[in-house]
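Beneath this line is the structure, given in structure tokens, with notes to follow.
The values are calculated or read from the model by the stated rules, or taken from the named source; none is laboratory data. Not measured: the values here are computed from a predicted model. Using ideal geometry, Cβ is built from the backbone for each residue, glycine included, and neighbour counts are taken over all protein chains shown.
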């Protein structure tokens, strides 16, 4: 079922959103992007004559009540964003009387789902090595189903609009869907956009296709790199992983971040790219610092000849030119991970060069998808968010989708 085709009049909709927003020490929201992202779905349901039961997680309370992660702190902000009062249920498992009493246009926000171990479905207080773990796991899965069934009992239909948790098979993101038929469960507008963005990158490719993978470790990106190798024309690998490749090729990287146990993996990626005809672009020079700080002394050196006591902190000028050249003229672009320690203002040039090249290519008709927290932070820091095609709200979910994995939160809807 598509959300635009469902008649919400007189119906109660339980909606999984991602309201895991950052709070300051006083419980005040410092970035409401995730709340704003869910508004089209929530307002559509209210305007269609439905009532809302909103559920989300916040932080990682590990199945225990933690006042600092209570969604009660954001109730007023949600009410302000929606323009209607929001009721609050401080016990997810006992909210049926409040849900039953909801009238059209009314909203109920449930407490943090992760205060309940049943949400994640993992045994608590027992290690995997314990002989009793498998039995505990089986029992918790049964409890998870009951928890999901309870949540489902509050509503007539289920909407999943939380792409950020779509890669988790939790009670509220996947299991709950088992208690609704195909005509009463659907993706929200935000989820639909996210799924479409992934399809544009993986299935509706316009060439040339350039992917930029940054970040510190090759090991965390290997699945994505291998899946993209059969799809891309140009693959830029930058950021901290630059130095693992430089070291694998016999270079010296000083104090730069380097996965010494992944040198063979780096060489294998180089060989794969050559065999598949992929233009693999690695940094050839870097801006090195004599300490890990914004105020470090700087020098530009070859990426494979970083002096002892120095570490690569950003892509050098020649690397920036090579990155921009691989992005120039591309018709499909994916960016995940910065080219340097962009949090330090003095080491943003590499990431900025990538962001500006993507913006230029997008202006010229390319489809560009920016995903992963650091890349999104980059594009926002440089004021270029309105010059790219799509910015994903999901970090881990986006990466797993690009890796080719099936997302439980999407599969449960049957999309």
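Points worth noting:
- Residues of the range 10-35 that turn out to be surrounded by 15 or more Cβ atoms within 10 Å (Cβ to Cβ) and more than 21 Å from the chain's Cα centre (by Cα), as a count: 4
- If you go through the range 375-399 and keep only what is out of contact with any strand residue (DSSP E or B) (no Cβ under 6 Å at 6 or more places or on another chain) and crowded, with 20+ Cβ neighbours inside 10 Å, you end up with 378, 392, 393, 394, 397, 398, 399.
- Answer residue from the range 350-374, given it is in contact with a strand residue (DSSP E or B) (Cβ under 9 Å, 6 or more places away or on another chain) and in a loop (DSSP other than H, G, I, E, B) and is surrounded by the most Cβ atoms within 10 Å (Cβ to Cβ) among those: 371
- For the range 220-245, a residue qualifies if it is part of a loop (DSSP other than H, G, I, E, B), under 18 Å from the mean Cα position of the chain (by Cα) and over 14 Å from residue 280 (Cβ atoms), and exactly one does: 220.
- Any hit, the range 135-152, residues being outside the structural domain of residue 241 (by TED's automatic domain parsing) and either in a strand (DSSP E or B) or touching a strand residue (DSSP E or B) at 6+ places or on another chain (Cβ under 9 Å) (or both): yes
- Matching option when the condition is closer than 30 Å to residue 142 by Cβ, in contact with a strand residue (DSSP E or B) (Cβ under 8 Å, 6 or more places away or on another chain) and not in a helix (DSSP H, G or I), among 65, 15: 15
- Every residue from the range 133-147 that is touching a helix residue (DSSP H, G or I) at 6+ places or on another chain (Cβ under 8 Å) and either touching a residue at least 60 places away in the same chain (Cβ under 8 Å) or over 13 Å from residue 117 (Cβ atoms) (or both): 145
- Scope the range 104-130; condition free of Cβ contacts under 8 Å to residues at least 60 places away in the same chain, farther than 16 Å from residue 15 by Cα and assigned to a loop (DSSP other than H, G, I, E, B); matching residues: 116, 121, 122, 123, 125, 126, 127, 128, 129, 130
- Residue count for the range 36-62 under the criterion of being buried (at least 19 other Cβ atoms within 10 Å of the Cβ) and either part of a loop (DSSP other than H, G, I, E, B) or modelled with pLDDT of 95 or more (or both): the result is 15.
- Screening 197, 211, 177 for residues that are in a strand (DSSP E or B) and either under 22 Å from residue 263 (Cα atoms) or touching a strand residue (DSSP E or B) at 6+ places or on another chain (Cβ under 8 Å) (or both) leaves exactly one candidate, 211.
Condition check ((1) modelled with pLDDT of 95 or more; (2) surrounded by 24 or more Cβ atoms within 10 Å (Cβ to Cβ); (3) in contact with a strand residue (DSSP E or B) (Cβ under 8 Å, 6 or more places away or on another chain)) across all residues:
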site	(1), (2), (3)
274	yes, no, yes
288	yes, yes, yes
300	yes, no, yes
305	yes, no, yes
318	yes, no, yes
345	yes, no, no
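- Selected residue (only one of 23, 39 is free of Cβ contacts under 8 Å to residues at least 60 places away in the same chain, farther than 17 Å from residue 84 by Cα and touching a helix residue (DSSP H, G or I) at 6+ places or on another chain (Cβ under 8 Å)): 23
- Among residues that are in contact with a strand residue (DSSP E or B) (Cβ under 7 Å, 6 or more places away or on another chain) and under 23 Å from residue 376 (Cβ atoms), residue 23 is included.
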